[in-house]
Structures are given as C-alpha cells and as structure tokens.
Amino acid sequence: MNKRLRSALQQDISRRTFWVLVVLVVLVKLVMTRFQMVYVWVGGAPLDDELMFGAAQSITAGQWLGAYDWLTLSKHMFFAVWLALCSLLHLPYLAAGQLLTCGAALACAFAFAPVLRRWKSRFAVFALLAFSPAATASFTLRVYRDNIFPGLCMLFFAGLCGYALRCRRPVKQGIGWLVLSGVGLGLAWLTREDGIWLLPFAAAGTLILIVTALRNKGALPKKLGRCALLAVPYGLLAAAILAYSAVNYACYGLFAVSDFSSGSFAAAVGAMSRVKAEEWKPLCSVPTDVRMKLYDAVPQLQPLEYWLEEDEDLQNSFRNPELDDYQSGSFYWALRKAAWNEGVYDSPQKAAEYWQQVADAINALCDSGQLEANGPERSSTTPPIRMEYVPDVLAEGVRSLLHTLTFRDCAPYYADQRSLILPEDEAVYEAYLGQQVNSAAQAGSDLPYYSPLQKLVFTGMEVIRLVYAVGLPVLFVAAAVLQARRGIQLLQLRKQKAIQPGQALLWVLLLGLLGMALLRCFMIAFVEVASFNIGTSTMYLSTVHPLLLLYSGAGILTLWRKNQWQTS
C-alpha cells in the first residue's frame, strides 16, 4: 500500500489535467465570492471608498475624475479606472478581483516553471496562492483599491522572477516576462502612493541580472543587448506614469499622477515637519506649537489658523482627542481641507503655486535660522524618521509578520457590521458594481443578515483560513530552514570554486521575495507607529500574504533535494 501511495505521489499529472484543475479552482473561487457582498458606508469613507467610487462614476460619464477639488488628485486613482472598466464589461466587482488574483497566481506558478518541472508542483503553487484567505478577506469587500493592489504587485514579482529564471534562454522566452513585470509595476504604482516599495526588488534584481548577463559566455554586443532588455519594466512604468499624467494635464492642467504625494504639497508638508517642536510628541509631525510658530512667521498660512484650530468640523473629523492634536496620518487631510475652505483649490495651478510659496517660505526661515530646524530640507507627507520610533517599529514589524503568517483578520465576511446606506444609494452601488450590498439586518437587531446558504459557504471559507493559519507558519519555517541549508552548501561550493554560473540565482530570488515581505511589514510598521495608530492592519499588509505563500511554497518545492516531484 505504501509503495502504491508513493508511486501515486511521484506520478505527475498531465497538462490537460492541470488546466482542468485550474479552471475548477477559478470556478470555485467565483462561486464562493458570489455569496459575499460589498460593504459600503456612505458618509463614512469620503477619503477612501466614496472617493474612488465617485471617480469611477465620473470616468464612466466621460468626465475623467470629476470636477477638481481638494480630493480629486489626492490619491493614485487607477482603482477608479478598474471599477469603470469592470462596469463597462459588466463584470461583478468581486468576481473581477478574484479573476485578477487567480491570474496573478497562475503567472507566479509559471514564472517558476523552469525549476518546477512537474505540472502538479505548478498547480500546488497556483492553488496555494489562489485560495489565500487574504484574497477573500472582509477588507476586500470594501469598494477600495486594496481589493486589487496585491494582485497587481504579484504580477510584477512573477514577471521579474519569470525572466530571472529564463535569463540564459533565448530572448523570446524571457521578453514576455519583462513586459508582465512592467505592467504590474506600472499599474501598482498608479494604484497606491506607496508603489515605490516595489523598486528595491526591481533594482536588486536588475543589478543581479546585469552581472549575470555580463558573466555569460558570448560576444559583448549580445551581453549588452541582454542588459538593455532589463530597461523594459522601467520603460513601461515610465509610460504608465506619463500617460496617466498626460490625461490629468488634459483635464486639469496639472502634469502629475497626484498633487498629494509629490510636488508642492509634499514640499509644504515636508517643510512644516522640518520645524523643530519645543517638545517632541509621538504621532505628531506638526504639533500645535509648531503650527503657532508657522502662523506667525508665514503669511500664507495665517488664513488657515481658524480652520485648523477652531472649526468644529475639522476638529471632529481629523483631530485626535486623546492627543488633543492632529496626528501625522490625518494632519495633511485637515490641512488640505482648510486650504480648500479658503479657496486654494479653485484650480490645480492655484493650489500648486500656493503650496510652493508655503514650502519656500518655511525652508527660507529654517535655512536662515529664524525657525529652528530638526533636519535638512525635505519633500514628503510621511513623518521624519526618528530614533525614538525604532523600538516600537521593530516590535510592530514582528507583530505584522506574525499577523500575516497566521492570517489574522481574514474572515470572509463582517459578522457584526453591515453597510450604512440609503435605499436609493444602495441601488446605485449595486447597479454599477453588479454586486449585492450587505445592508440587510437581522430581525430586531442591527447585525447584518446572512442566509443559511451564505453562512454555510462562509463556514467553508473560514475552515480554509484555519488550515492556512496553521499550515503557513509550518511551511514558512521549513522553507527558511531549507534555504539556510542551501546557503551553506553554496558557500562551500564557492570556497571549492565549484559553483556553476547561475547556480545561486534561485536562492537569491527566494531571498528577495522574503526580503520584500519583511520590508513591507516594517514599512507599514513605521507608518502605524509614526502616523496611523490604528493597530496592526491586515489591509495594509495584504501584499505580504502572497509573498510569504510564494516564498514558502516555491521554496520547499525547489530547495528540497529529496523531492521526487521535481525529477523529470
């Protein structure tokens, strides 16, 4: 019996069986998510969900992102384009997100095909990523960009990994992967302001591949041609940014992706956070005493004092009562709205000119010593990095890693929350998204109502989550141990001068995936500690889950020397 079982495990599946299983997985995912419902809170998310949905409606109406105000270009808005495209194609919103997830999972499986020779191994990686509970977690039910951001990032990682593992093959076998990498990078960049976090993997991968290409045998022109190919992802990123900025310029006269994370507004916020406070306050990059100094010293900011310090609407919306001040993650929104109240956002040009004047004035005062500065000139909406944050960031980063490894807060539905929406608004959302809104309440209660069949499906999804919560930590530790062992072997081969060209590439690639997962954890940890103070957030860590799954699954399947599944 053991021999039969061992023989069955060693036997590969056919290509046709692989594709039949892939189709079945996609259908199962679509069926499961059809029982889920979108979550809408009208009036409760004006900076997030409502902003994106309104912009999508404007795109559908042929008006790009709508009339210009303080929020129009405040975020990278590709998600609004995605919603409009789904509406045009009559694709249900949640189904479209799952198709993207499954497509990214399939791309990852085929990216590692050169080292996953068995079809069953490729399917294992695909299924592991496709059934990730994070891809169907309750936060993905919001009409917000984190529904698609992890999938776009995985397209980027799959593309770069796919090319790296084929870099010694004919160019035609690798060029498509570079294109996929560039598409993923460009769209991810246009979806979130922190898309820049993908660049370390791109830069490190590019450098390694350039060295690999130059060390290969062959004529120098051929080697240089290989190196030049590596510009493809960056060219597509530049094309995406230029095309999007050109549309913004045509509609608003501002050539930029947004007027928030870059340009004069970022320069103004960076200048404000440069001014030294009398006493440093955690979470407050521009505390009250700094603002008072700025009102006195910078004439352009004086009209904003009433709004920021006295207006009840801004106090209730953005001020943290526990701190009795604006914390970093909300101050810049209060600042923009105060400026909007003063007519600064009558046009993009007026706003850009205003914030540049503010930035120049503050930096001049700091440079001359009239205002004491705590650092050099900076242009950023993120708080300055301080040594005081280090212990908390390290602790939060470790919590974030454990949080993602165990799939915390990845339940497939909201057990105690329902949408807050009027019937007329609900009809608009459901018609546009092709998806039901979870607004129904249980009899005599404010809790959401779910049918018995929905609860049954959600129970099955929760079982999957529990399996992942127990299984991923085990797989992750096993992959890390295998990688450490393989690293020791490679060092020994290097000492013996017996290492072959490209032999360490897979090991470095897996290390890069792990490094990016850790980078995201600690990057979000810094934002949480220095700006948000909302607790460990699964939504902001949603790109970490697929990285850990890919690292663990591909790592075990490729680094386990006794793995009979890989023998051809």
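The values are calculated or read from the model by the stated rules, or taken from the named source; none is laboratory data. Bear in mind that the values here come from a model prediction, so they are computed numbers and not experimental data. As a convention, Cβ positions derive from the backbone with ideal geometry for all residues, glycine included, and neighbour counts pool all protein chains shown.
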Could you count how many residues in region 306-343 are without any contact (Cβ under 8 Å) to a residue 12 or more places away in the chain and part of a helix (DSSP H, G or I)?
5
Condition first: touching a helix residue (DSSP H, G or I) at 6+ places or on another chain (Cβ under 6 Å) and either outside any helix (DSSP H, G or I) or of a type in the set (D, E, K, R) (or both). Now tell me which residues in region 167-182 satisfy that.
C167
Residue under question is R117, and the condition is that it be in contact with a helix residue (DSSP H, G or I) (Cβ under 9 Å, 6 or more places away or on another chain), closer than 30 Å to L254 by Cα and not hydrophobic (A, V, I, L, M, F, W, C); does it hold?
no
Pairs returned, first residue in region 250-277 that is crowded, with 24+ Cβ neighbours inside 10 Å and among the small types (G, A, S), second residue that is at pLDDT 95 or above and not in a loop (DSSP other than H, G, I, E, B), beta-carbon separation under 6 angstrom, 6 or more apart or interchain, are A268/W355; A268/V358; A268/A359; A271/A359; A271/I362; A271/N363
Tell me which residues, restricted to region 369-389, are farther than 19 Å from S330 by Cα and among the hydrophobic types (A, V, I, L, M, F, W, C).
L371, A373, M387
Filter region 396-454 for residues that are among the acidic types (D, E) and under 28 Å from L91 (Cβ atoms); the one that is surrounded by the fewest Cβ atoms within 10 Å (Cβ to Cβ) is E424
Residue that is surrounded by the most Cβ atoms within 10 Å (Cβ to Cβ), among those in region 175-223 that are over 22 Å from C108 (Cα atoms) and of a type in the set (A, V, I, L, M):
A213
Can you find a residue in region 286-296 that is touching a helix residue (DSSP H, G or I) at 6+ places or on another chain (Cβ under 6 Å), outside the structural domain of N533 (by TED's automatic domain parsing) and surrounded by fewer than 22 Cβ atoms within 10 Å (Cβ to Cβ)?
yes
Is there a residue being at pLDDT 95 or above and within 26 Å of Q349 (Cβ to Cβ) anywhere in region 80-92?
yes
Any hit, region 488-509, residues being buried (at least 20 other Cβ atoms within 10 Å of the Cβ), closer than 26 Å to A164 by Cα and touching a Cys at 6+ places or on another chain (Cβ under 9 Å)
yes
Could you please give the count of residues in region 8-26 that are at pLDDT 65 or above and in a helix (DSSP H, G or I)?
13
Looking at the structure I just gave you, is G159 crowded, with 24+ Cβ neighbours inside 10 Å, in the same structural domain as W197 (by TED's automatic domain parsing) and over 15 Å from the mean Cα position of the chain (by Cα)?
yes
Going through A361, A443, A431, A411 one at a time, which residue ends up being hydrophobic (A, V, I, L, M, F, W, C), part of a loop (DSSP other than H, G, I, E, B) and farther than 30 Å from C521 by Cβ?
A443
Counting only residues that are among the polar types (S, T, N, Q) and within 13 Å of L514 (Cβ to Cβ), region 476-490 contains a total of 1
Consider region 39-81. How many of its residues are part of a loop (DSSP other than H, G, I, E, B) and not charged (D, E, K, R)?
22
Please find, among A61, A104, the residue that is over 17 Å from F260 (Cα atoms), touching a helix residue (DSSP H, G or I) at 6+ places or on another chain (Cβ under 8 Å) and among the small types (G, A, S).
A104
Within region 450-462, is even one residue under 30 Å from A266 (Cβ atoms), among the polar types (S, T, N, Q) and part of a helix (DSSP H, G or I)?
no
V171, sole failed condition from (1) at pLDDT 95 or above; (2) touching a Gly at 6+ places or on another chain (Cβ under 9 Å):
(1)
